[in-house]
Amino acid sequence: MTSGATNTQSTSNFSFLEGNWPDLASLAAFAESYARSDPQSAQVKIRIFAERMVEILYYVLGLTKTVEAE
């Protein structure tokens, strides 16, 4: 018997992202599958997911990034 985390792509709530954004789908599926068994890893992956999603939104919407004050 295999663990439930081996086939997360086809059973993920985020599989709809696979067509256009496979990297997002993979990050979200990982976070989803490890949310209970390894919440710290899931948190890291979902943060990377959110950061990547913002990058995509900026690109798609043609937004410019502001320079942060140092």
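The values are calculated or read from the model by the stated rules, or taken from the named source; none is laboratory data. In this text, all values refer to a predicted model and were calculated from it rather than measured experimentally. Counting neighbours? That spans all protein chains shown, and the Cβs are built from the backbone with ideal geometry, glycine included.
Can you name the residue in the range 8-26 that is touching a residue at least 12 places away in the same chain (Cβ under 8 Å) and under 18 Å from VAL60 (Cα atoms) and, of all such residues, is nearest to the chain's Cα centre (by Cα)?
The residue in question is LEU24.
Inspect the range 45-58 for any residue being among the small types (Gly, Ala, Ser), without any contact (Cβ under 8 Å) to a residue 60 or more places away in the chain and assigned to a helix (DSSP H, G or I) and give the result as yes or no.
yes
Can you find a residue in the range 30-52 that is surrounded by fewer than 10 Cβ atoms within 10 Å (Cβ to Cβ), touching a helix residue (DSSP H, G or I) at 6+ places or on another chain (Cβ under 9 Å) and either at pLDDT 95 or above or not hydroxyl-bearing (Ser, Thr, Tyr) (or both)?
Yes, because at least one residue in the range 30-52 is surrounded by fewer than 10 Cβ atoms within 10 Å (Cβ to Cβ), touching a helix residue (DSSP H, G or I) at 6+ places or on another chain (Cβ under 9 Å) and either at pLDDT 95 or above or not hydroxyl-bearing (Ser, Thr, Tyr) (or both).
Considering only the range 27-44, state which residues are under 14 Å from the mean Cα position of the chain (by Cα) and in contact (Cβ under 8 Å) with a residue 24 or more places away in the chain.
LEU27, GLU32, SER33, TYR34
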